[in-house]
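A.B. asks: What follows is a single structure, and I will ask about it in a moment.
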Amino acid sequence: MEIAANDQAQVKIPVFRNRNFLLLFIGALFSSPGYFVYLIGAEWLMLSLSDNRFYFGMLFFAASIPRLLLLTVGGIVADRFNKRTILFLSDLTRACLILMLLFFLVNDLVTVWHLIILAALFGISDAFSYPVINSLTPIILEEDQLQRGNSLIQMTGQISPILGPALGGTLIAVLGFEGVFIAAFIMLLLASITVLFIRIKKEETGNTKQSAWLDLKEGYHYARKNELVISIVSMAFFLNFFFSGPLAIGLPILVKDIFHGDAVSLATVQTAMGIGALLGAIVLASITLKKPGIAMVGGLIGLGLLYTSVGFTGHLYLTAGLVALMAFTMQLVNIPLITMLQKTTEKKMLGRMMSFLMTVSTGLVPVSFVATSLLIAAGVEMQTIIIVSGIIITLIALYNLKNKNILTFK
């Protein structure tokens, strides 16, 4: 349903004929790939500026810490102010940051610390934009359109890690660093302009009458009283802790040490993951899950079993196939999870609930990285870490087979 300035009842229209959603989708098509184009440029520029790989790691650390610390604040802001404006300012800010980097680059002034500070500022921007995207969708779509809408937005996120690095790498080879950052700037600028035309009812943009601290307490108490919210957020916490770190760190190690592969081998596995995730998003955009809770738990069981299998395989292409299937089943978990949370949350609380979810999912990924790194440093084999993590994920899924709040959700 298109959100207009009047209160007249409107006939439900298809997702892609919904002006507001179409603008949000087009904005995401520019914003997400634009970020990955910038990221590949920043990574290669950092590697070119210094042989010290500590600085390269700091790029990711600098972005993740502000994101972790400020996601909850971003959720409060999303519930108090116009979500469209927040998304517009987030994309515009990132475009301006890239423009600043271009100035330093053209004048031969750029250093590793410029890139690290820029990464931290990007992390701050992410903390405010992440809760908005998932809390804006339920406002501009009907409830029974949320699964398809979420799938389409997720699709842009799955295309980006494939399209962004490919486009960015080509631009670096042809036009140099200036070319790749100009392209990223243009894409993020177009994203900001696109979302500026989204229209939301004034009464659905939140209020600023009470303090931010009271907003935070209100969100915390709301989450505690909602058993489904607790179940979903807890599942997201354990899933990301046992999945993100071991997978991100483990795949390159498996490719190099077990399969004795090269960069092309790693790209093969990572591309398979992107394709699997993209296909999963496409399938879920095409169908309607009558029992999303059952689909989510079933997908989580499949994910755990496939993840465990990766630890036992010793063949590159078999691993690539398993990873593709994992990414596909991951969408069976992620998209219903987000949709269920959106459907059961009051619109005035969406920003805070989404920020809680994003905090435990993306915000705690660095903790998973550290834990995995410490286990490796202690002499634990990567295959063992993956196998144990896969078993734990499977057990978590089996435990949720008795969770009626999830299984009976329609």
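A.B. asks: Which numbered condition trips up Gly57, out of (1) within 20 Å of the chain's Cα centre (by Cα); (2) modelled with pLDDT of 80 or more; (3) small (Gly, Ala, Ser)?
C.D. replies: Every condition holds for Gly57 apart from (2).
A.B. asks: Could you grab me the full set of residues in the range 147-185 that are more than 19 Å from the chain's Cα centre (by Cα) and in contact (Cβ under 8 Å) with a residue 24 or more places away in the chain?
C.D. replies: Answer for the range 147-185, where residues must be more than 19 Å from the chain's Cα centre (by Cα) and in contact (Cβ under 8 Å) with a residue 24 or more places away in the chain: Leu167, Gly168, Gly169, Leu171, Ile172, Phe177, Glu178, Val180, Phe181, Ile182, Ala183, Phe185.
A.B. asks: Continuing with the same structure: Pairs please, first residue from the range 60-78 and at negative phi, second anywhere and buried (at least 21 other Cβ atoms within 10 Å of the Cβ) and basic (Lys, Arg), Cβ atoms under 6 Å, 6+ apart in sequence or on different chains.
C.D. replies: Gly75/Arg352
Conditions tested, residue by residue: (1) buried (at least 22 other Cβ atoms within 10 Å of the Cβ); (2) assigned by TED's automatic domain parsing to the domain that holds Thr156; (3) modelled with pLDDT of 85 or more; (4) of a type in the set (Asp, Glu).
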site: Leu24; (1), (2), (3), (4): yes, yes, yes, no
site: Gly34; (1), (2), (3), (4): yes, yes, yes, no
site: Tyr38; (1), (2), (3), (4): yes, yes, yes, no
site: Asp51; (1), (2), (3), (4): no, yes, no, yes
site: Leu71; (1), (2), (3), (4): yes, yes, no, no
site: Gly75; (1), (2), (3), (4): yes, yes, no, no
site: Leu89; (1), (2), (3), (4): no, yes, yes, no
site: Thr93; (1), (2), (3), (4): no, yes, yes, no
site: Cys96; (1), (2), (3), (4): no, yes, yes, no
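A.B. asks: Does any residue in the range 281-293 that is more than 14 Å from Leu146 (Cβ to Cβ) come within less than 6 Å, Cβ to Cβ, of a residue that is modelled with pLDDT under 85 and outside any helix (DSSP H, G or I) six or more places away or on a different chain, and which pairs are these?
C.D. replies: From residues that are more than 14 Å from Leu146 (Cβ to Cβ), the pairs are Gly293/Phe409.
A.B. asks: State which residue is surrounded by the fewest Cβ atoms within 10 Å (Cβ to Cβ) when the search covers only the range 307-361 and only residues that are small (Gly, Ala, Ser) and at pLDDT below 80. Before you say what the answer is, go through the steps one by one.
C.D. replies: First, pick out the residues of the range 307-361 that are small (Gly, Ala, Ser): 309, 311, 314, 320-321, 324, 327, 351, 355, 361.
From the residues that got through so far, the ones that are at pLDDT below 80 too are 351, 355, 361.
Details: Gly351: 30, Ser355: 29, Ser361: 22.
Restricting to residues being small (Gly, Ala, Ser) and at pLDDT below 80, the top hit is Ser361.
A.B. asks: Just wondering, is there one or more residues in the range 309-321 that are free of Cβ contacts under 8 Å to residues at least 24 places away in the same chain, of a type in the set (A, V, I, L, M) and outside any helix (DSSP H, G or I)?
C.D. replies: Within the range 309-321, none of the residues are free of Cβ contacts under 8 Å to residues at least 24 places away in the same chain, of a type in the set (A, V, I, L, M) and outside any helix (DSSP H, G or I).
A.B. asks: Then there's this: Suppose we filter Lys291, Lys256, Lys225 for residues that are touching a Phe, Trp or Tyr at 6+ places or on another chain (Cβ under 8 Å) and surrounded by fewer than 19 Cβ atoms within 10 Å (Cβ to Cβ); which single one remains? Break it down into steps so the answer makes sense when it comes.
C.D. replies: Values: Lys256 fails: touching a Phe, Trp or Tyr at 6+ places or on another chain (Cβ under 8 Å); Lys225 fails: touching a Phe, Trp or Tyr at 6+ places or on another chain (Cβ under 8 Å).
On inspection, the qualifying residue turns out to be Lys291.
A.B. asks: Another question, then. From the list Asp108, Asp144, which one is over 21 Å from Pro66 (Cβ atoms), in a helix (DSSP H, G or I) and over 20 Å from the mean Cα position of the chain (by Cα)?
C.D. replies: Checking each option against the conditions leaves just Asp144.
The values are calculated or read from the model by the stated rules, or taken from the named source; none is laboratory data. Treat the numbers as computed from the prediction; the structure is a model and nothing was measured. Quick reminder, even Gly has a Cβ in these numbers, built from the backbone with ideal geometry, and neighbours come from all protein chains shown.
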